[in-house]
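Q: I have a structure I would like to understand better, so I am pasting it below and will then ask my questions one at a time.
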Amino acid sequence: MADDGARMATTHQRHTRARLGAQTAQPLRRRGSLLAELYRSAVGKKYAMAISGLVLMVYVLLHLAGNLKLYAGAESMNAYAAWLRVMGEPVLPEGGALWAVRVILIVAVIVHIAAAAQLTAMNRADFASRTMRWSGVIVGLFIVYHLADLTFGWLNPNPDFAHGSTAYGNVVASFSNPVVAGLYIVANLALGLHLYHGAWSLFQSMGWSNPAVKPWRRGFAIAFAVVVAAGNISFPIAVLTGAVA
Amino acid sequence: MELDAKIPEGPIADKWDTHRFNLALVNPNNKRRFRVIVVGSGLAGASAAATLGELGYHVTVLTYHDSPRRAHSIAAQGGINAAKNYRNDGDSIRRLFHDTIKGGDFRSREANVYRLAQLANAIIDQATAQGVPFAREYGGVLDNRSFGGAQVSRTFYARGQTGQQLLLGAYQAMMRQVHQGAVDLYTRVEMLDVVVHDGAVRGVIARDRLSGELLRFAGHAVVLATGGYSNAFYLSTNAKMSNATAIWRAHRRGARFANPGFTQIHPTCIPQSDLLQSKLTLMSESLRNDGRIWVPADPDDERPPNDIPDSDRDYYLERMYPSFGNLAPRDIASRAAKRMVDAGHGVGPRKNGVYLDFADAIARLGSDTVAERYGNLFDMYADITGEDPYRVPMRIYPAPHYTMGGLWVDYNLMTTIPGLYAAGEANFSDHGANRLGASALMQGLADGYFVLPATIGDYLAPRLGEELLPTDHPAFVATAKDVQERIDRLLAVGGTRSVDWFHRELGRVLWDQCGMTRNQAGLEKAISEIAALREEFHTDVRVPGDNEQLNQSLEKAGRVEDFFELGELMCRDALYREESCGGHFREECQTAEGEALRDDERFSHVAAWGWQEPGAEPSLAVEPLDFAHVALATRSYK
Amino acid sequence: MDLTLRIWRQDGPESPGGFVTYQVTGVSADASFLEMLDLLNEQLTEAGDEPVVFESDCREGICGTCGLMVDGKPHGPWEAAAVCQLHMRAYADGDMITVEPWRADAFPVIRDLVVDRSPFDRIIEAGGYISVPTGAAPDANAIPVAKETADEAFEGAVCIGCGACVAACPNGAAQLFTAAKIAHLNLLPQGQPERDARTADMVDTMEQFFGSCTNHAECQAACPKNISIDLIAMMNRDYARAKLRRRGGGAMT
C-alpha cells in the first residue's frame, strides 16, 4: 500500500508525457549573491540598464551645463576645463576626481551595453527595441570618436591641442569642419531619441509609477531629451554660423 | 426504486452540524491513499479539487478547456448571495433559506437549502481571503446590492464580473495544489464515460482532444462538476462548449436524472438579431436594480423609444407586481416579457424584445455612477448591438440560461451510482423549479469548498486499503471500447449536413415546445419531432476529419447526440409534471390571472428518471418533498 | 456581405502551415466575427472540406479562450474587445481579411488557429494565489480594504488570460499577463505575507518561457481589458525588492 501513491502517479505521468499542449516549467532554484541572483533575470538586467542609464543621464546633463561656458568665451571655457583637472584638491591628487568620474562612467557604459546585449540575446524573437539598438550603437560609436577628438586629441585639428588649457580652441577647430559638425548633430539627434525612450523606460524599469510621478513621466522624458540634444547641437551650429569663433 | 436522500435527523438548523459529526473521517495520513477524480474546473470543480488537495487526497482534475480558468462559471456577472446581514436590513440564514425555497417554488429539498444558506457566509469569507476583489464602500467594508426575488441587499459582487473573480480565486487555490503535487491537472481532455464495476464507480474514460487517444483514469471516487445543459436549446447564454455529455453518460450508466424539465429562462438577454446567431448574451439581472422595463402601450407605436412619453408606455412589471416591480423573480419576469411580445408589444427591428431603460437612473444618479455600476455591461451591449444604452433604452428578451435539473444526488451529493458525486449546476439539488439570482455561484462553491470535502470522506473511510481498479481491467476495457465505437460510428455516417444544423433544429423544437411555456400537445409533438431528427442525425450528419487530431466537429457530434436524448427526457419530464411551478409553466395549469398553478397534492416531489433507450418511457422514481419549515403557499410577488 | 478570407491552415504542431484563401458569402453585419467563421465552416463542411479550427467558448469577452490575429492586430481592429466581441459592422462588402493564430515562441501552434498557452498556467501555479486553505479565512469584513485599493487591484484582476499581450509583443514577452496577477494580489492587504515569494517565483517562471520587456507598450494597446503597463512597472519594483530582501521564493536551495 505504501507504494500505491507512487504507482498511481506513474499511471498518470505516462499520460502527461504523451500529451501535447501542456508545457512544463523547470523547478526554480536560488543561488549566488543577492545582486547576482537579481541580475540573472531579465527584469534584473533591466534594472542594471536603468541604473547605469540614470548615471549616464546625470552625466550628460552636467556635461552640457559645463559646455555652456563656450558661450561665455574662451577664457571662461578654458578655466573651467582646467578646473576639472584640479577639482577635489587638495584632498585628492591632481586629476583624481576626474578619473573617479571617468571610472564610474566606464563601468556604467560597460554595464549598460552588456545588459543590453544579454537582453537582446535572451529574447527569443531576436528583435529587441529596434530604435534603442541603432540609436545606442550610433551614440556608442560617436563617444569613441568624441573621446579621440576632444578628450585625447588624437583626431583634433587644433595644432595647439593641450589637455585642459585649450578646450575652447579645440572645440572651435573641430566644429569648423562642416563634416565633423554634421556628425555631431546627427549623433546628438540619436542621443535625444535614445534619451527619450531611455528616460521613460527608466521609470518603467525601476517601477516608479506612483500617482505622484505618473502624470509627468512622459513630459520629463521629452523635456530631458530635448534639452540635452538641443543644447549639444547648438554648439556646432554656433561655430558654423560664426556666433562662436 | 426507493430514493434515500439520507437527510439527517434533528432540527433543521442543526442537521449539517449533526451530520458532519456522524460522518466517518479519514485519518490525515490515510487521505493520500485515496484518489478522487474531479471532472470540470468551474466553481464547483476547482473549489472541490483545491479543498480535497489541501486535505491530503490525491486529486485528478480533468477539463476539456486549454486552461481550467476558462470554465463557464467565469461568465457569471451579477453576484453571490450570503446572509451576512452587513446591511442590517433584516437578513438572516433563515430568510435566505426561506427566499430560496419560495423562489424555487417549493420544489427543492429543505435540508439542502438550509445548509446552503448556512454555508454562504463562509464562502464570502473564503473568497475575500483569497483576494477576490468584491466591491467595497469608501470605509473599506464590503458593499452589497439587491437582486431579483429578495427584499434585502445580500448580494456581494465584483463589478459585473463576479463569476470571473470567484472562479479565478478557486482556480488559483487549485493551481496552488497543482504546484504542491496534490492535484494532477489534465487539460484538453473530455470525459466521455464513467467506469462502473461491482456496484460502484471506478474511474472515467476521457478523450485527449488533441490526439484522440482514450485515456483511462482510475479513482476511488469521481466528482462530476460539469455544469448544466442549457445548450440543449442551441441558443442559450451558455458558452459554446458547455454540454451535458459527462452527466448524460453517467446517467446511461445508472445515475438518475432529476427534474430535467426545470430549466431557467433568464429575462435579461440581448434579443436574437439574425438567424445564424451562435449564442445569446446575458445582461446581468443586476441591471434590473436601476433599469425600468417597459413596452409601448400601443402595439403599433413605431416611434423611437425616447419619443414615446411616459403616458404611452406600459411599465408592465411595476404594474403587475407592485411590491417587487422590476425585481420580480426570473421566471415571472421572463413570462411577462413573453406575454408582452406575443401580444405584439415587442420592440426592435424583429419586434422580439422589451425595453430596459436607464434614463431615470441616469437622471437620478448621474451617468458616472451608472457607469461605475454597469459600465462593462453597457460596453458589451454597445459592441453587440451598435447602440448606446446611455442614450437609447436597451432591448432585452429572455433566453435559456441555467438548468435546475441535473443528476439526482442525496444530501451527501452522491448520485445513485455509489462513489459518483455531482456538484454545482450538474446536480439538481438546491434550486427547485426556479433559481434565484446570485445563487448559482453560492451553490457551486458551497458544494466544492464545504460539502463534498466533508461527505466524500464518509464514502472513502470504509474503503481504506482498497486498490484502484487497474486500468487494464475488463471493466475499463469494455467501457473504452463502447466509447471508441461511438466515435467511429459518428465518423462513419458520412452524410450531408453539419452537426450545427442538427443542433439548431433540435434547439428550435425545444425552445418552441419546452421553453417558457409548455402544453401537452406541444410536448408530445416535440417528442416525435426529436425522434425523427435523431434518426436523420444518425444517417445524414457529416463529421469531417478523423479521430486522431483536434476535431471540433467530432466533439460537437458526440455532444449533440447526447442532447437529442436529453432533450427527449426534458420533454417527457415536462409532460409528466402536470402543474406549473417556477420555470416550468404548463399552459393547462394557470390561474385566471395567468399565474403558475402548482399541484402540491400530486407533484410535491422530485422526479428522478432512470436511463431508457430513446423512444420508450423511462422508469421514474420519486423523492417526496416535505415542507416543515416554510409553509407551502402560492408564490406572490405582487 | 461577401468577404475574402486569408486564413492560416496548419495540420499539426510539426506540419508546415500556410495561408489559404476562402470566399464567405451572406455574412450579416449583425454577426460577430466568430459567427462569420462559423458560417465559413458550415459552408466548408457542406462542401466536403475540413472546417477551420479555432477556439472560443463564452463569446462575450470574459473566458479568454478565443484569440486571433486579424489583419495583424491581436483580436482585430476594435479597441478593448476580444475577437468574439468584434462584430461584422466593422467591415464592408468585398473586404479581404487575414486571420492568423497568435505568433509567439512560447505559444506553439496546435492546429490551424489554435495555440498552446499552457505556460500561463505555469506562471499562476508558481505563485499566483494567496495561500489560504479552505476554512481558514477570517470574517470578510475583518480586513477593511480602501475602495481605492480594491479598485486598483481590480485593474489587474480583470485579465482574461487570452495571450494577446504576448502575441502583440515583438519579444513575445508575458509581462503584462504576469504583472496583472501580481498587481492584483500584491496591492491587497491579504496578499502581503507572500508578496516577495509570489513576485520572484512568478517572474522567474515567466522568464523560462517568454521573452523580456523592452517597453514597447504594444501589449497595452492589444489588451482587450485595457490593462496598463503601469502594472509592469510595479512588478519590476516588487521583483527587485523581493530579490534584494532574499525572501523571494519558497524554492531556495
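Q: Need one number: % antiparallel among DSSP beta bridges in the protein assembly as shown, to the nearest 5. Display every interim value, and only then the final one.
A: Working: 60 of 85 bridges.
The answer is about 70 percent antiparallel.
Q: Okay, next question. Can you tell me which of A:LEU195, A:LEU64, A:LEU34 moves the most in a GNM of chain A? Springs connect C-alpha atoms under 10 Å apart.
A: Highest fluctuation of the listed residues: A:LEU34.
Q: Given the C-alpha centroids of segment C:9-52 and segment B:1-51, what is the distance between them in whole angstrom?
A: Result: 46 Å between the Cα centres.
Q: Put simply, what bits of segment B:56-93 lose 20 Å² or more of accessible area when the other protein chains are there, versus the chain on its own (1.4 Å probe)?
A: B:HIS58, B:ASP66, B:ARG69, B:ARG70, B:ILE74, B:ALA75, B:TYR86
Q: Sticking with this one: Based on the inverse mean of 1/r over its pairs of different Cα atoms, what is the Kirkwood hydrodynamic radius of segment C:16-105, in Å? Intermediate values should be presented prior to the final figure.
A: Numbers: mean 1/r = 0.0727 Å⁻¹.
Hydrodynamic radius (Kirkwood, Cα pairs) of segment C:16-105 is 13.8 Å.
Q: Could you state the accessible area per residue of chain B in Å², with a 1.4 Å probe and every protein chain left in place? Write out the running numbers ahead of the final one.
A: Numbers: 19630 Å² over 638 residues.
With all protein chains present, chain B gives 31 Å² per residue.
Q: Moving on. Nothing charged except the Cβ atoms of Lys and Arg (+1) and of Asp and Glu (-1): what's the magnitude of the dipole of chain B about its Cα centre? Round to the nearest 20 debye. Working shown, then result.
A: Details: 69 positive and 83 negative charges, 264 e Å.
Computed about the Cα centre, the dipole is about 1260 debye.
Q: Carbon-plus-sulfur fraction of the accessible area of the protein assembly as shown, 1.4 Å probe, in percent? Please list the in-between numbers first.
A: Values: 22320 of 40090 Å².
For the protein assembly as shown, the apolar C and S fraction of the accessible surface comes to 56 percent.
Q: Of the residues A:ALA65, A:ALA117, A:ALA25, which exhibits the maximal mean-square fluctuation in a Gaussian network model of chain A defined by a 10 Å Cα contact cut-off?
A: Comparing A:ALA65, A:ALA117, A:ALA25 in the GNM, the peak value goes to A:ALA25.
Q: While we're here: Calculate the mean, over all residues of peptide C:150-162, of how many other protein chain Cβ atoms lie within 10 angstrom of the residue's Cβ. Don't jump to the answer; show the numbers that get you there.
A: Details: counts 9, 5, 2, 3, 8, 1, 1, 10, 8, 3, 6, 7, 1.
Average neighbour count from other chains, rounded to a whole number: 5.
Q: May I pose another question? Suppose we keep just the DSSP beta bridges with both residues in segment C:3-111; what percent of those would be antiparallel, to 5?
A: Details: 13 of 17 bridges.
For segment C:3-111, the DSSP antiparallel bridge percentage is about 75.
Q: Picking from A:VAL228, A:HIS163, A:ALA116, whose Cα lies most toward the positive end of the charge dipole for segment A:41-240 (charges on Cβ: Lys, Arg +1; Asp, Glu -1)?
A: A:ALA116
Q: Additional query: Based on the Kirkwood radius over alpha-carbon pairs, what is the Stokes-Einstein translational diffusion coefficient of segment C:117-246 at 20 °C with 1.002 mPa s viscosity, in µm²/s?
A: On the way: Rh = 15.0 Å.
Estimated diffusion coefficient is 143 µm²/s.
Q: Report the B-C buried area as the accessible area lost on both sides summed, probe 1.4 Å, in Å² to the nearest 100. Could the numbers behind the result be given before it?
A: Values: alone 23420 and 12670 Å², together 29760 Å².
Roughly 6300 Å².
Q: Give me the distance between the Cα centres of segment C:138-203 and segment B:426-503, rounded to whole Å.
A: Rounded to whole Å, the Cα centres lie 33 Å apart.
Q: Here is a follow-up. Take each of the peptides B:582-595, B:550-563, average the number of other beta-carbon atoms within 10 Å over its residues, and list them starting from the highest.
A: B:550-563, B:582-595
Q: Follow-up question, since we're still on this one. For chain A, find the longest principal axis of its Cα atoms and tell me its angle to the long axis of helix A:178-206, 0 to 90°, nearest 10.
A: 40
Q: Which order do the peptides C:99-112, C:50-63 take when ranked by the mean count of other beta-carbon atoms within 10 Å per residue, highest first?
A: Details: C:99-112: 22.0, C:50-63: 24.2.
Sorting C:99-112, C:50-63 by mean packing, highest first, produces C:50-63, C:99-112.
Q: Ignoring ligands, DNA and RNA, how much accessible area is buried between chains A and C, both sides summed, with a 1.4 Å probe, to the nearest 100 Å²? Numbers along the way, then the final one.
A: Working: alone 15470 and 12670 Å², together 24420 Å².
Separately minus together, A and C give about 3700 Å² buried.
Q: Now for a separate question. Using just the C-alpha positions of segment B:320-406 as equal point scatterers, what log10 of I(q)/I(0) does the Debye formula give at each q in 0.16, 0.19, 0.20 1/Å?
A: Here log10 of I(q) over I(0) equals -0.79, -1.05, -1.13.
Q: Specify the inter-centroid distance of segment B:303-337 and segment A:41-101, based on alpha-carbon positions, in whole Å.
A: 76
Q: Could you pull out the chymotrypsin sites (Phe, Trp or Tyr not before Pro) across segment A:96-196 that fall in loop regions by DSSP (anything but H, G, I, E, B) with no more than 15 other Cβ atoms inside 10 Å? Let's see the in-between values first.
A: Numbers: sites: A:TRP99, A:PHE127, A:TRP134, A:PHE142, A:TYR145, A:PHE152, A:TRP154, A:PHE161, A:TYR168, A:PHE175, A:TYR184, A:TYR196; in loops: A:PHE127, A:PHE152, A:TRP154, A:PHE161.
Taking segment A:96-196 and a limit of 15 other Cβ atoms within 10 Å, the loop chymotrypsin sites (Phe, Trp or Tyr not before Pro) found are A:PHE152, A:TRP154.
Q: When each pair of different Cα atoms in chain A is counted once in the 1/r mean, what is the Kirkwood radius in angstroms, to one decimal?
A: Numbers: mean 1/r = 0.0465 Å⁻¹.
About 21.5 Å, per the Kirkwood formula over Cα pairs.
Q: Right, another one. Using 0.36 nm times the number of residues separating A:LEU92 and A:THR24, minus their current alpha carbon distance, what extension gain do you get?
A: Numbers: separation 68, 0.36 × 68 = 24.48 nm, distance 5.75 nm.
Stretched fully, the A:LEU92-A:THR24 segment lengthens by 18.7 nm.
Q: With a probe of 1.4 Å, find how much accessible area segment C:117-246 has per residue, and write the answer as a whole number in Å².
A: It amounts to 26 Å² per residue over segment C:117-246.
Q: With a point put 7 Å past each Cα toward its Cβ, work out how far A:SER176 is from A:ILE106 in nm, to one decimal.
A: 3.3
Q: Using alpha carbon coordinates only, what is the Rg to Rh ratio of segment B:506-632, with Rh defined as the Kirkwood radius? Kindly include the intermediate steps, with their values, before the conclusion.
A: Working: Rg = 17.9 Å, Rh = 16.6 Å.
In segment B:506-632, Rg relative to Rh is 1.08.
Q: What does the C-alpha gyration tensor say about the overall shape of segment C:63-197? Classify as rounded when a/c is under 1.5, otherwise prolate if a/b is larger than b/c, or oblate.
A: Working: a/c = 2.94, a/b = 1.96, b/c = 1.50.
Prolate shape, in that a/c is at least 1.5 and a/b is the bigger ratio.
Q: Mind checking the dipole of the protein assembly as shown: about its Cα centre, +1 per Lys or Arg Cβ, -1 per Asp or Glu Cβ, Debye to the nearest 20?
A: Dipole about the Cα centre, nearest 20: 3720 debye.
Q: Here's something else I'd like to know. For peptide B:272-280, compute the average count of partner chain beta-carbon atoms within 10 Å of each residue's beta-carbon. Please list the in-between numbers first.
A: Numbers: counts 1, 6, 6, 1, 10, 6, 10, 9, 2.
Whole-number average of other-chain Cβ neighbours for B:272-280 is 6.
Q: With unit charges on the beta carbons (Lys and Arg positive, Asp and Glu negative) and the dipole taken about the Cα centre of the protein assembly as shown, which residue among B:ALA633, A:LEU191, C:PRO74 sits farthest to the positive side?
A: Of the listed residues, the answer is A:LEU191.
Q: How big is the convex hull of the Cα atoms of the protein assembly as shown, per residue, in Å³?
A: Details: hull volume 221.3 nm³, N = 1136.
Per-residue hull volume (Cα only) is 195 Å³.
Q: When the expected Rg is taken as 2.2 N^0.38 Å, what fraction or multiple of it is the alpha-carbon Rg of chain B? Mind showing how you got there, number by number?
A: Numbers: Rg = 23.6 Å, N = 638, 2.2 N^0.38 = 25.6 Å.
Here the Cα radius of gyration is 0.92 times the empirical estimate.
Q: With a 10 Å radius around each residue's Cβ, average the other Cβ atoms per peptide and rank B:265-276, B:90-101, C:86-97, B:154-165, highest first. Working shown, then result.
A: Numbers: B:265-276: 22.2, B:90-101: 20.5, C:86-97: 15.8, B:154-165: 25.8.
Ranked by mean Cβ neighbours within 10 Å, highest first: B:154-165, B:265-276, B:90-101, C:86-97.
Q: Something else about it: Which entries in B:LYS84/C:LYS225; A:LYS214/C:LYS243; B:LYS6/B:LYS102 show an alpha-carbon gap greater than 28 Å?
A: On the way: B:LYS84/C:LYS225 32 Å; A:LYS214/C:LYS243 25 Å; B:LYS6/B:LYS102 23 Å.
Over 28 Å Cα-Cα: B:LYS84/C:LYS225.
The values are calculated or read from the model by the stated rules, or taken from the named source; none is laboratory data. Just so it is clear, the model here is predicted, and its values are computed rather than measured. Cβ: placed from backbone, ideal geometry, glycine included. Neighbour counts: every protein chain shown. Only protein heavy atoms, including side chains, enter the accessible area calculation; ligands, DNA and RNA are left aside. Shrake-Rupley method; radii C 1.70, N 1.55, O 1.52, S 1.80 Å.
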